[in-house]
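Written out below as structure tokens is the structure these notes cover.
The values are calculated or read from the model by the stated rules, or taken from the named source; none is laboratory data. These numbers were taken from a predicted model, which means no experiment stands behind them. Here the Cβ positions follow ideal geometry from the backbone for every residue, glycine too, while neighbour counts run over all protein chains shown. In case anyone asks, the SASA skips ligands and DNA or RNA and just uses the protein heavy atoms, side chains included. Shrake-Rupley method; radii C 1.70, N 1.55, O 1.52, S 1.80 Å.
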Amino acid sequence: MDGRIDAHSGHRSRLRQRVLSEGFESLEPHEILEFLLYYAVPRQDVNAPAHALVRRFGGVQGALSAEVGQLSAVEGVGRRTAEYLALVGEAAAACAQLRPEDRPWLGRYLDVFRFAQREAQTAAAPRCVQLCLDMESRLLCRRPLCPSLSWGEPETMRAALADVLGMKAQSAILLLFVGARHAEPQPYDLDRARGYACALRAAGSSLLDVVLVGEAGMYSLRRAGQIPDFSASEVQRMVCEDYLRDAPAPDETPSCDPPGEG
């Protein structure tokens, strides 16, 4: 990018509001790419690169299925931005290949708890995994984000956000397999969770939960009231409320197994 400040004052916020109220179907192809580029190129005018991508690849699908080298050859699109667009395209393609039986319903805390228990039997630790959910709280994508507990770093969060945007996910859940007996959040986890919740709010989605998975139990930031309410819509607020409907009250200790779940 050339470092210019966005000349269209308020254009970003207006475009986000259109996505929230009318969906991506209301946007022209270059506007969809503009919206995606906002999360890779902050505080700069991305109108020209979005138009250039449409001209070069014929539309959104062509741009998101292009290789990184092809994307970075477009004027105004740097290597990092090209990698981000390619990730969005991969996420959308992965979503399209899922069968109905591959998409469990994860609308309640105990369902996520049981899902995480099964994952813990095979998932290497430490590891961070993101689950993207649709409007009906069914799984769109399960993607390992990083093989460490440094899950909130910029590169990892760009990949996580690319999945949410590429799949038009209603919400996201992060599973942190800590590789220790007790699952206890650190200040790092709380700070990064707040930042990611803020980013998802701007993208029209929400962070439903961050679940730390230890050998002796699990710890849910949502259940403990440690995720700020940045839901983008009334529907998302209802989803968050329903998520905890069958959750036991939090224990005083960080490791918290639901009754009867061992």
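Values for this structure:
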read-out	value
Residues satisfying the stated conditions in the range 160-182, i.e. over 20 Å from R16 (Cα atoms) and surrounded by fewer than 21 Cβ atoms within 10 Å (Cβ to Cβ)	G179, A180, R181, H182
Positions within the range 116-152 being touching a Pro at 6+ places or on another chain (Cβ under 6 Å) and within 22 Å of L244 (Cβ to Cβ), in sequence order	V129, L139
Criterion violated by D45 - all others in (1) open to solvent by 40 Å² or more (accessible area, probe 1.4 Å); (2) touching a residue at least 24 places away in the same chain (Cβ under 8 Å); (3) among the charged types (D, E, K, R) satisfied	(1)
Single residue of the range 181-197 satisfying the filter (among the hydrophobic types (A, V, I, L, M, F, W, C) and at pLDDT 90 or above) that is farthest from L212 (Cα to Cα)	A197
Test: residue in the range 62-72 that is modelled with pLDDT under 85, open to solvent by 20 Å² or more (accessible area, probe 1.4 Å) and polar (S, T, N, Q)	yes
Test: residue in the range 183-193 that is over 16 Å from the mean Cα position of the chain (by Cα), among the hydroxyl-bearing types (S, T, Y) and surrounded by fewer than 22 Cβ atoms within 10 Å (Cβ to Cβ)	yes
Positions within the range 154-183 being over 27 Å from R237 (Cα atoms) and part of a loop (DSSP other than H, G, I, E, B), in sequence order	V178, G179, A180, R181, H182
Residue in the range 152-166 that is over 27 Å from I32 (Cα atoms), of a type outside the set (D, E, K, R) and in contact (Cβ under 8 Å) with a residue 12 or more places away in the chain present	no
